[in-house]
Every structure is written in structure tokens, then in C-alpha cells.
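See structure below.
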Amino acid sequence: MPAEWEPHAATWLAWPHNLNTWPGKFAPVPAIYVAMVRALALHEQVNICVNDVDMAEQVRHLLTAAGVNLPRVSLVQIPTNDTWARDHGPIFLTRQHGDHKELAITDWIFNSWGQKYGPWDLDDVVPQQIAARLQVPMFTPGIVMEGGSIDVNGQGTLLTTEACLLNPNRNPSLTKSEIETYVREYFGVQKILWLGDGIVGDDTDGHIDDLARFVDPTTVVCVVEDDPADVNYALLQDNWQRLQGLTDQHGRQLRIVALPMPSPVEYDGNRLPASYANFYLANQLVLVPTYNCRNDQRALAILQDLFPSRQVVGIPCTDLVWGLGAIHCITQQQPAIT
């Protein structure tokens, strides 16, 4: 599995349509997707899954009105139950074969984060449909796994959490050692780094993409909470301390960079999983969720320093995170093979 910062052939999205995902708050969500597509289409192909011809026409109208670079956008009729492409979409692999690269897809079981929401039958077969359209090989591990639960450095090391991968609502019959075997074999990694719990409000049971991310082969950004009274403080300190003692596939000490947390974002009295770690790396671009709070500029500046050759763009996500996810959760990268 290549690192996210490696060249992309495309970004895959699934257009939002499930009103239950944003109860009473769906109206502003499509505009957030338009802003993302407008930025992405300047740098790479954007493939958007739409349910039918009518949805395709609606999306095309929105993108045209916003001045999006339409030749870089494809509307692909692949029906979905919901929008979380990071988790239900294909996880791509590459390999060097002779003088060229080859592309493949892994199709893990998607069970709506431990059967929390339903239905998910359409989401679970998205990787199969994309593999057929791209005419690439597909590997089927036969266990539950979501793309947001893992992050790789592209050189043999993978980050994940105990809270998610060891949760009994995913693969209750498998031991930690057995899960590690699947991860190694199907992602092509040698070393697995385990963090602990996810942030409060995260219905995915602790996806890594809200906590810590590789930004180069030996550097990890890790979110930390400055306020000791905040509900996330202790658990994020635990993850920070765990990272201090971890090494990459060659035994090299990792460089750990602190990324602040935004001010609390709530809905109906409940804490939402707002995190700056939920950014997405595209060709020459970093899309970062912002939350209209004092730490937005601080987080953007840290990421700009880490990615000096990329344009760092903040996307307001206060409305998007009402659906319990942000930018990384709704994107999935397709690696370039040329």
C-alpha cells in the first residue's frame, strides 16, 4: 500500500445523499464537497460515485455553477448507502513488475463500523464495482476492515489502534496476532504500530485518521489536547507517549510532531469527532478540515511547514463533522502507476 503522499491517479468520493447522516443539517453539506472537488480537480482526476442519472445531473449542475474544472471530474454510477469512501471504498495496492507498476484493490468486509447503522449492502460492494471498472485484480481478505483505521508510510510500517481493530464488533473470532497477520499480508507491511483509544464522539471506535498520521516515512503528526480538563486530554496523552517509543520498519526512531485539537464541536450536547488529523494529501495539495476556532491557523501552519511543496487549503467542516466524519473520511486515493 503506497503512502498517501505518493502520486495519485485520482481521488474517489461518494456524493452525499443520506439525510440521516446529518440530521436536520444536510443542506450545507453538498457545498463542502463542491469546495473540495474544486480544489482537487486543479491537481488530479476526481471520480465521484453517484446513485443514478438524476443525481449525476444534480452534481454536474452544482460543480458547473462553482466553476469546477469538469474535464478532471468523472461521475460514476455506483450506488452507495452513504458517503464514507475512506471506509467502504477500495484500498489500493501497487507493485513493481518489470519496468512498470501494476495496480490492485483490496476488498475488505464493510459492516458499518460494527453494524451501527444500516443498511450497508451497497457500500460493501463498492470495491468490487470499482475493480471491475478499472479492470484490475482484487484481493478479498474476508475480514472486516476500514480504510480510516490504518495509515502507512509506504515503506513497510502501518499505524492503527487497539480500540478499533481489536473491537469485538469487527472480527470477534480473531486474536491480535491473527489480525496482524492479515494486515501484513494484505497491505504489504512488516511492522504494525498500535495506539490506544480514539477521540470522544468517534463512532468508528477509534480510527487512526483522527489521531496520528504519517507525513513522511519517519515522521508522524499526533493530535494533542492542551486543556487538561478536556475529555480527550488523557487518551491523547497516552497515544503521544506510546509514539515516543515506536520505531519504523528499520528500527529508526520516529519524529513525532504535535498537532493541536480544535475547540470542542458539539451537536445536541454531544461531542463531535473534530480533528485536524483528518486531512487529505492529494497531488501538490493538502486539504485540512477547519472548525472556525483559534487553532485553525496554527494547525494549517504546522501542516504547511511539513509539506512545503504542497498548497495547504483549509475546508470549513463544522457542518460536515455533524455526520461524524471529515475530509479524510470521505476521500480515497487511487495511486498512479505510470
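The values are calculated or read from the model by the stated rules, or taken from the named source; none is laboratory data. Because the structure is a prediction, the values reported are computed rather than measured. Virtual Cβ from ideal backbone geometry, glycine too; neighbours counted across all protein chains shown.
Are any residues in the stretch 29-55 part of a loop (DSSP other than H, G, I, E, B) and under 21 Å from the mean Cα position of the chain (by Cα), and if so, which ones? Result: ALA41, LEU42, HIS43, GLU44. Of the strands (runs of 3 or more DSSP E) entirely within the stretch 63-148, those holding at least 3 residues that are under 18 Å from ALA14 (Cα atoms) and over 16 Å from the mean Cα position of the chain (by Cα) occupy 73-77.
In the stretch 65-84 there is no residue matching the filter, namely being farther than 17 Å from MET36 by Cα and out of contact with any helix residue (DSSP H, G or I) (no Cβ under 9 Å at 6 or more places or on another chain).
A single entry from GLN284, GLN334 fulfils the requirement of being surrounded by fewer than 17 Cβ atoms within 10 Å (Cβ to Cβ) and under 24 Å from ARG38 (Cβ atoms): GLN284. Of all residues in the stretch 287-297, how many are among the hydrophobic types (A, V, I, L, M, F, W, C) and surrounded by 20 or more Cβ atoms within 10 Å (Cβ to Cβ)? Adding up the residues that qualify gives 2. Applying the condition of being part of a loop (DSSP other than H, G, I, E, B) and of a type in the set (Val, Ile, Thr) to the stretch 149-192 and asking which residue is nearest to THR94 (Cα to Cα) yields VAL189.
Within the stretch 260-316, the set of residues being under 21 Å from the mean Cα position of the chain (by Cα), more than 17 Å from VAL221 (Cβ to Cβ) and charged (D, E, K, R) comprises just one member, ARG271. Of the residues in the stretch 3-25, none is over 25 Å from ASP216 (Cβ atoms), assigned to a loop (DSSP other than H, G, I, E, B) and acidic (Asp, Glu). Close contacts from the stretch 235-253, counting a first residue that is farther than 12 Å from THR157 by Cβ and a second that is of a type in the set (Asp, Glu) and buried (at least 16 other Cβ atoms within 10 Å of the Cβ), with Cβ to Cβ under 8 Å and a gap of 6+ residues or different chains, come to LEU235/ASP197; LEU236/GLU225; GLN237/GLU225; ASP238/ASP197; ASN239/ASP197.
Here is a yes/no grid of residues against (1) among the hydrophobic types (A, V, I, L, M, F, W, C); (2) in contact with a helix residue (DSSP H, G or I) (Cβ under 7 Å, 6 or more places away or on another chain):
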{"site": "LYS116", "(1), (2)": "no, no"}
{"site": "ILE130", "(1), (2)": "yes, no"}
{"site": "THR140", "(1), (2)": "no, no"}
{"site": "GLY147", "(1), (2)": "no, yes"}
{"site": "ALA163", "(1), (2)": "yes, no"}
{"site": "LEU166", "(1), (2)": "yes, yes"}
{"site": "PRO172", "(1), (2)": "no, no"}
{"site": "THR175", "(1), (2)": "no, no"}
{"site": "VAL183", "(1), (2)": "yes, no"}
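From (1) in contact (Cβ under 8 Å) with a residue 40 or more places away in the chain; (2) surrounded by fewer than 17 Cβ atoms within 10 Å (Cβ to Cβ); (3) hydrophobic (A, V, I, L, M, F, W, C), pick out the condition that doesn't hold for ALA277. (2) is the only condition that ALA277 fails. Residue pairs whose Cβ atoms lie under 7 Å apart, sitting 6 or more positions apart in sequence or on different chains, and linking a residue in the stretch 171-186 that is in contact (Cβ under 8 Å) with a residue 60 or more places away in the chain to a partner that is buried (at least 18 other Cβ atoms within 10 Å of the Cβ) and assigned to a helix (DSSP H, G or I), do not occur here. Being of a type in the set (A, V, I, L, M), closer than 29 Å to ILE105 by Cα and out of contact with any helix residue (DSSP H, G or I) (no Cβ under 8 Å at 6 or more places or on another chain) is a property that holds for ILE337. Given the criteria more than 17 Å from the chain's Cα centre (by Cα), of a type in the set (A, V, I, L, M, F, W, C) and buried (at least 21 other Cβ atoms within 10 Å of the Cβ), does LEU236 qualify? Taking the combined requirement at face value, the residue satisfies it. Scanning the stretch 298-315 for residues that are assigned to a helix (DSSP H, G or I), small (Gly, Ala, Ser) and either in contact with an Asp or Glu (Cβ under 9 Å, 6 or more places away or on another chain) or surrounded by 14 or more Cβ atoms within 10 Å (Cβ to Cβ) (or both) yields a single hit, ALA299. Looking at this structure, is GLY148 within 19 Å of LEU324 (Cβ to Cβ) and at pLDDT 95 or above? In short, yes.
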